[in-house]
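Every read-out reported here was derived from the displayed coordinates using simple, explicitly stated rules and does not represent laboratory data. Remember, it's a predicted structure, so these values are computed and weren't measured experimentally. FYI the Cβ positions are ideal-geometry reconstructions off the backbone, even for glycines, and counts take in every protein chain you see.
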Amino acid sequence: MGERLAGAEKEVLVEIVRFTQKNGLKGAEGGWKDFLALNDKKYGVSVSDPKKRTKDVLLAFLVTFSKDFQKYFSKLVRRHTERRAIEQYMNEFSGKISPEQKLVQLTTEHTEYRKNYYFPSYQEGWKIVRIGKLASSMNSGAMLAIDCEMVLCNDGTEAVVRVCVVDSKLEVKLDELVNPLKAVADYRTNITGVSKKDLEGVKFSLVDVQKSLKKLLAKGKILVGHSLYRDLYVLKFDYSRVIDTAYIFQYANLPTTASASLNSLCKSVCGYTLREEGKPHDCLKDAEAAMNLVTAKLKHGFNDPIEIAENSVPESDQMKLLAHRIPVYLPSQELLKILSGNPSIEEKIDARIRGDFYSTCILFKDIDEADKAFDELDGQETKDTSGRLQKSVLLKRDNGDVASFFIRKMVYGSRPNNTDVSKKRAEPTDNGEQQREDVDGDKPKRQRTSKKHGEKAKTPVVE
C-alpha cells in the first residue's frame, strides 16, 4: 500500500470508499458491502456507512484493489492534501491571495463540490492536469471560461460536439466543432444548435480538445464555467483550479443543493437576457456569460442572496425525470420497463448513492414524452419539499421481489405553462423524508442531458 494512502486521514478514506460505491468499483473481495460481509462476522453490512468504520477497516478494503487503483486513490489523497495546503496558505497570507483565487476557494467550499468534482479519471481517456506551484497559483488571477455542447450517443453516453473558450477580456481562445467519433442517437439541435450536417468533415476530436485545454491552462490559470463539472466530465478533463458560477452566488428561494441557470443569473446579476425562450444555446455566448458573472462578482460582491424564479428549469432538465430512493439491488435499467416512450438512463455521474439507496435521471427525447411518461405512471402523486410533483411506485421484478421508489419531475411548483418556464439548471431534491439523499449520493450540469449550445395510500404494483 502506498505511503500516501496509508498516511491519509480517516475523513479522506471515507470519501474514497464512498467514491468506490458511487462508481460501482470492486476490489479482489468485491465492493464495499461484499467486503464487509466477508470480513466482519459480527456486524457485516448492517453497519455499512464508511463514516462509522475504523480507519483500519477502510484501509483494509482499499488495499484489495489493484495497484493501478491504489495509485488513483493516492491521487485523491494528494488532492485533499493540496486543498488543505491552500486553506492554510490563505489563512496565513490572506493579503497576498488574488480575488479570483478567493472565488476558487468559494467554489471548493460549496456543499456540492466534493460530490461533483471527484471524477472517475482512473478510466481510459481521461487527462489529469496539475495546477503547478502553490504560491504562484494563489497570486495569479488569470482566467479562462469554457462551455460545451453535448449530443446523446447510441451507447447512452454523451459526447462533446462544440467547445468554446474565452479569456477575461472575452477574446476567443478556442471555438471548435468536435467529432464525437461514435454514432449519435440525438443531436438535440433545438438546444445545442448543432446538426448532423454541421459535423460533416470535422476532424477535431476529444483528444485535440484535451491538448488545447492543457496548453491554454499552462501556469495554473483558473477555469471558469457554469456547473463546470459537467463540461469537465464530458471532456474527460480532471482540473481542480476552477470557479463554478453555479456555486459562488447565494439563492434566496431555492433549496441549498439547487442552483440557478446561467440565463437566470445573467438576468439577476448582469441585467441582460442571455437567450430568448425557445432559442438554441450559443456555446460562445454562454462561455462569455460565465466570465461576465465572475467579473460582476469580483466588482460588486453580490453577497446577498439572489431571488430566482422557482418555476423555472432549462429545457434539458424538462426532458428528464428523477428516480430516487431506489434500492441499490435494483439495476437502473429495470426502471425503464415501467415508463412509456423510449427513455434511457443517464451515466454514473448522475447515479447518487446514499446508504442502501441511490438516485438517477431518466432521459427522454423531448419534454412531451417525459410529461406523458410521468402522467401514465401508476403511483400516488405527491410533492417533494420544493413543490415538485413526484409519484411513489412499486415495481415487481421477475424474481417476485417488489421494489419501491419515487419518480419525480424536474420543475418547481405545479405544472408550469411553457410561457412560465425560464432556464434554470436545478439540483434535484428528494421528498421531505429523504431530502438529503441527493446531497451525498446529481441539478441534476448532470452530467447534463443537453447543455447549452446552442399521506400514505396504496400504491399499485407495476409488472
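Fewest neighbouring Cβ atoms within 10 Å first, the residues V209, V328 line up as V328, V209. When the C-alpha to C-alpha distance is required to be over 23 Å, the pairs from K196/K221; K196/K267; K169/K215; K182/K372; K75/K320 that qualify are K196/K221; K196/K267; K182/K372; K75/K320.
Counting neighbouring beta carbons within 10 Å and listing from fewest to most, the residues V172, V17 come out as V172, V17.
For the stretch 1-126, what is the relative contact order in percent, using Cα pairs closer than 8 Å and at least 6 residues apart in sequence? Once divided by the residue count of the stretch 1-126, the mean separation gives 28 percent. Length available on full extension from D68 to T111: 0.36 nm per residue minus the Cα-Cα distance, which gives 12.5 nm. Convex hull over the Cα atoms of the stretch 3-92, averaged projected area in nm²? The orientation-averaged projected area of the Cα hull of the stretch 3-92 comes to 6.1 nm². The fewest-to-most ranking of H110, H324, H300 by surrounding Cβ atoms within 10 Å reads H300, H110, H324. Close amide H contacts of S168 (hydrogens built in the peptide plane, cut-off under 5 Å, sequence separation of 5 or more or a different chain): M143. Couplings for the stretch 112-118, taken from phi via the Karplus curve 6.51 cos²θ - 1.76 cosθ + 1.60 with θ = phi - 60°, read 8, 4, 5, 5, 8, 9, 9 Hz in order; Gly and Pro are left as x. Between amide H atoms placed 1.01 Å from N, distances below 5 Å from R388 occur with G413, all of them 5 or more places distant or on a separate chain. Most tightly packed first, judged by the mean number of other beta-carbon atoms within 10 Å of their residues, the peptides 291-298, 145-152, 49-56 read 145-152, 291-298, 49-56. Peptides 369-382, 212-225 ranked from most to least packed, by the mean per-residue count of other Cβ atoms within 10 Å: 212-225, 369-382. In nm, to one decimal, how far is the modelled label at N399 from the one at K197, with both set 7 Å along Cα→Cβ? Here the answer is 5.2 nm between the modelled labels. Under the classification rounded if a/c is under 1.5, otherwise prolate if a/b is larger than b/c and oblate if not, where does the stretch 114-300 fall, given a ≥ b ≥ c as square roots of the Cα gyration tensor eigenvalues? Cα axes put the stretch 114-300 in the oblate bin. Take the Cβ atoms of K365 and E92, set R0 to 41 Å, and the FRET efficiency comes out at 0.15. Quick check: from the Cα gyration tensor, does the stretch 40-93 come out rounded (a/c under 1.5), prolate or oblate? In terms of gyration-tensor shape, oblate.
Placing a pseudo-label 7 Å from each Cα along the Cα-to-Cβ vector at D208 and R78 gives an inter-label distance of 3.0 nm. Counting Lys and Arg as +1 and Asp and Glu as -1 over every other residue whose Cβ lies under 13 Å from the Cβ of Q250, the net charge comes to -2.
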